[in-house]
Amino acid sequence: MATRTDPETIKPKIRPLTKEKVKALGVYHPTHNCRILVFGCRTQRGTSMMMSRMLVQQAAAIVAGTDGFLSKSKDRGGTPETDALIPAGKYFFHAANPTFANYAICADFNAWVPPEGPDQLPEPWKSLTKTYNELDIPPLSCGSSQVTHWVKEQDKICLLTGDEDLVECQHFVPQEHAVWADHFHLIERATQNIYTLPNNISRAIDDVRCLGSMNPYAHRLMDTGLYCPFPVPDAAGAYTFVAYYVAYVASTSGLKHHLRDLNTPTRISPYILFVRFAWTVFKLVPQNNEAVARKPVPLWALNINEQIGDAGSGAGTGGGEIGGAGIGGASGASGHEEDAPSMVSDNSMSADDIERRELNLDSRLLQLFSDIEAGKINSPALFYEYAIDYPGMGRIARLREEYVKEHPQVFSTGDPTTLRLV
């Protein structure tokens, strides 16, 4: 039996964990041989430096705006990667449709157009879409503070660590993208209009289906783009959402939490988790020191008559299961591979390619330009200078190409309004 004079038992000091080993997995454009994404491969199921092919392929489809496949070869006739896990190294992302072989890259989350609804998600996200019930949401009369309290009371523990200490209510869609989320009616898309926002909640990102509980440590790791939610099959083949560490950064948290089963609340739709996955993907686009294309104004900003300036980029024309994408400026993500061009714009595409791209312009985009010309929408003053996809883009590209041929002193074109002289 202990007495008052017995010394207390001192626990040993916590020693820093050894950082995990990480190798780069780069995804490259087959036409321009420039890197469009860089991931960090980690130990996977006892096999060193592997990564989910499905994750890499879906990430590439998001920024390319088109479905496709991975291959070690620049030639689209090469052997596609089919293994569930692929090792670190260099891969090329080929568009499934040869028409879009010279695809352009969207590098800004604000310029990305999310899927119309859960049915448009790629697998296995699509199959994981749940049926909502009234127990998943608080009373529609709740205000913001009540919603925050309700979320913490429901979840009780951190999404990643399982700790109860310092748990806070956090947004799956960061607050700086509130206008983006409202424009695309994110909750309506996620729930297929089954439920609306509570009466006293004005922003989609503040709805309980966009909120989760995390401690500041786990929240910070997620917001730096170190990890994201992603569905992974268990031993029985059933999919579960895990913390998938994707950044090309060695960390101690990766040793502890890579592939950690997340405490995902039942109210959270796979659609919202897919949006968070996409947000993380845009942080993996390598930073471009000498951008090929300037950042255009996001087209969705036109509908709210708000000038965004350099905050985003053009609306998309890409299709497939992933949703559209536009061409944007470089957005930050760190990589340790050799420096390489990391953006592709319409200025690096041939006039033939651009004419083919124009034939596939989305009908909503065409209607938008028509409404602007008719004076139905008050567009920002710089809209036409920064727009990338637009009616007549093929003709403009053809004129620019002809001009370069007629003037030997011009060796390339930069922005649509500039030329570079020898």
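The values are calculated or read from the model by the stated rules, or taken from the named source; none is laboratory data. Computed from a predicted structure; not experimentally measured. Glycine also receives a Cβ, built like all others from the backbone with ideal geometry; neighbour counts cover every protein chain displayed. Note: accessible area is taken over every heavy atom of the protein model, side chains too, but ligands, DNA and RNA are not part of it. Shrake-Rupley method; radii C 1.70, N 1.55, O 1.52, S 1.80 Å.
Scanning segment 279-289 finds one or more residues that are modelled with pLDDT under 90 and touching a Pro at 6+ places or on another chain (Cβ under 8 Å).
Any residue in segment 233-241 that is open to solvent by less than 10 Å² (accessible area, probe 1.4 Å), in contact with a helix residue (DSSP H, G or I) (Cβ under 8 Å, 6 or more places away or on another chain) and either aromatic (Phe, Trp, Tyr) or under 23 Å from residue 166 (Cβ atoms) (or both)? Scanning segment 233-241 turns up no residue that is open to solvent by less than 10 Å² (accessible area, probe 1.4 Å), in contact with a helix residue (DSSP H, G or I) (Cβ under 8 Å, 6 or more places away or on another chain) and either aromatic (Phe, Trp, Tyr) or under 23 Å from residue 166 (Cβ atoms) (or both). Close contacts from segment 77-93, counting a first residue that is touching a residue at least 12 places away in the same chain (Cβ under 8 Å) and a second that is part of a strand (DSSP E or B) and charged (D, E, K, R), with Cβ to Cβ under 9 Å and a gap of 6+ residues or different chains, come to 87/23; 88/23; 89/23; 90/35. Note on segment 23-63: enclosed strands (runs of 3 or more DSSP E) holding 3 or more residues that are open to solvent by less than 10 Å² (accessible area, probe 1.4 Å) and not charged (D, E, K, R) are 23-28, 35-44.
If you go through segment 193-206 one residue at a time, do you hit one that is more than 15 Å from the chain's Cα centre (by Cα), buried (at least 16 other Cβ atoms within 10 Å of the Cβ), of a type in the set (Ser, Thr, Tyr) and closer than 21 Å to residue 121 by Cβ? Yes, the conditions are met somewhere in segment 193-206.
Residues in segment 125-133: is at least one open to solvent by 10 Å² or more (accessible area, probe 1.4 Å), part of a helix (DSSP H, G or I) and not small (Gly, Ala, Ser)? Yes. State whether the residues of segment 247-269 include one that is farther than 25 Å from residue 22 by Cβ and surrounded by fewer than 16 Cβ atoms within 10 Å (Cβ to Cβ). Checking segment 247-269: at least one residue is farther than 25 Å from residue 22 by Cβ and surrounded by fewer than 16 Cβ atoms within 10 Å (Cβ to Cβ).
In this structure, is residue 82 over 21 Å from the mean Cα position of the chain (by Cα) and either open to solvent by 20 Å² or more (accessible area, probe 1.4 Å) or within 23 Å of residue 389 (Cβ to Cβ) (or both)?
Taking the combined requirement at face value, the residue satisfies it.
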